[in-house]
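Below: one structure, written as structure tokens.
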Amino acid sequence: MAFCSNCGKQLDENTNVCTSCNAQAEQSATTENNQGTTSQPNVFEKLNNTSDTTAEYDAKDIADNKVMALLSYIGILVLIPMFAAPNSKYARYHVRQGFNLFLAYIGLFIINFLSRFIKTTKYVWGIPYQTTPGIIVFIVWLLGIPLFVLSILGIINAYQGKAKELPIIGKFKILK
């Protein structure tokens, strides 16, 4: 789809002149490159290119257990579908993924807890007190961002009725 570089109006594919401002349309290099070759996938697309096994699940099972699958990605709430929908193959798939994510959150909690033992002494009005350096708190906070993104991806997949592996942690089979 081409647009006029002068006024921004959408151009017909067959014309080289804009009907709105009579400017000569330019063929951009990106349009020509995209038509001739395929573009390289970015890092996010490579990470999110995981196996999709949605075809293996019954459509009725997916429709009936979407909420249970959603709960699998919200921390400790993974226990609800684990015990409430043990016969649903679709819910069990998402419970396995959510349980891996929950264990990763527990690991992050342990790292956060242990990092709080790193203390430096600071002085306010001559009175010493000990605190965790801000850079350590920031680094631990940064470690939580990928887990949050994985939670969102899992929720989106469950809502859309997909049985798609989470990047990185989805291939681990901790629960059967």
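Bear in mind that the values in this text are calculations on the coordinates, not laboratory data. It should be emphasised that the depicted structure is a prediction, and the values quoted were computed from it without experimental measurement. All Cβ positions, glycine included, derive from the backbone under ideal geometry; neighbour counts span all protein chains shown.
Legend: ranking of residues Arg92, Arg116 from fewest to most surrounding C-beta atoms inside 10 Å; resulting order Arg116, Arg92.
For a 23 Å ceiling on Cα separation, which of these pairs sit above it: Lys46/Lys89; Lys60/Lys171; Lys46/Lys171; Lys60/Lys164; Lys89/Lys162? Intermediate results must be reported in sequence, preceding the final value.
Working: Lys46/Lys89 27 Å; Lys60/Lys171 26 Å; Lys46/Lys171 15 Å; Lys60/Lys164 18 Å; Lys89/Lys162 13 Å.
Result: Lys46/Lys89; Lys60/Lys171 exceed 23 Å.
Spacing of the modelled spin labels on Val67 and Ser20, each 7 Å from Cα toward Cβ, amounts to 4.8 nm.
Exposure proxy ranking for Glu13, Glu56, based on other Cβ atoms within 10 angstrom of each Cβ and starting from the fewest, stands as Glu13, Glu56. Candidates Phe117, Asn16, Gly98 compared by Cα position along the dipole of the chain: farthest toward the positive end lies Phe117, with charges placed on Cβ. For segment 136-169, the residues whose backbone nitrogen is under 19 Å from a point 7 Å from the Cα of Arg116, taken along Cα to Cβ, are 136-145. From least to most packed, judged by other beta carbons within 10 angstrom and beginning with the fewest, Ile169, Ile156, Ile110, Ile62 follow the order Ile110, Ile156, Ile169, Ile62.
Using DSSP H assignments, which helices in the chain have an axial alpha-carbon span of 20 Å or above and a mean Kyte-Doolittle hydropathy of 0.5 or higher? Walk me through the numbers on the way to the answer.
Details: long enough: 89-115 (39 Å, 0.58); 134-159 (37 Å, 2.35).
Those that clear 20 Å and a mean of 0.5 are 89-115, 134-159.
Want the number for Ile139 to Lys60: 0.36 nm per residue separation, take away the alpha-carbon distance, what's left? Intermediate results must be reported in sequence, preceding the final value.
On the way: separation 79, 0.36 × 79 = 28.44 nm, distance 4.37 nm.
Once the chain is fully extended between Ile139 and Lys60, it gains 24.1 nm.
Computed from the C-beta positions of Glu45 and Phe172 and an R0 of 22 Å, the FRET efficiency is 0.50 to the nearest 0.05. Coupling constants for segment 49-63 follow from the phi torsions by the Karplus curve (6.51 cos²θ - 1.76 cosθ + 1.60, θ = phi - 60°), and in residue order they are 7, 10, 5, 10, 10, 4, 5, 6, 10, 6, 4, 5, 4, 5, 5 Hz; glycine and proline get x. Computing percent of Cα pairs over 29 Å apart for the structure here picks out one of (1) 51; (2) 15; (3) 35, namely (1).
Sum up the charges of everything whose Cβ sits under 15 Å from the Cβ of Asp64, counting Lys and Arg as +1 and Asp and Glu as -1, but leave Asp64 out.
On the way: positive: Lys60, Lys66, Lys89, Arg92; negative: Asp58, Asp61.
Result for the local shell: +2.
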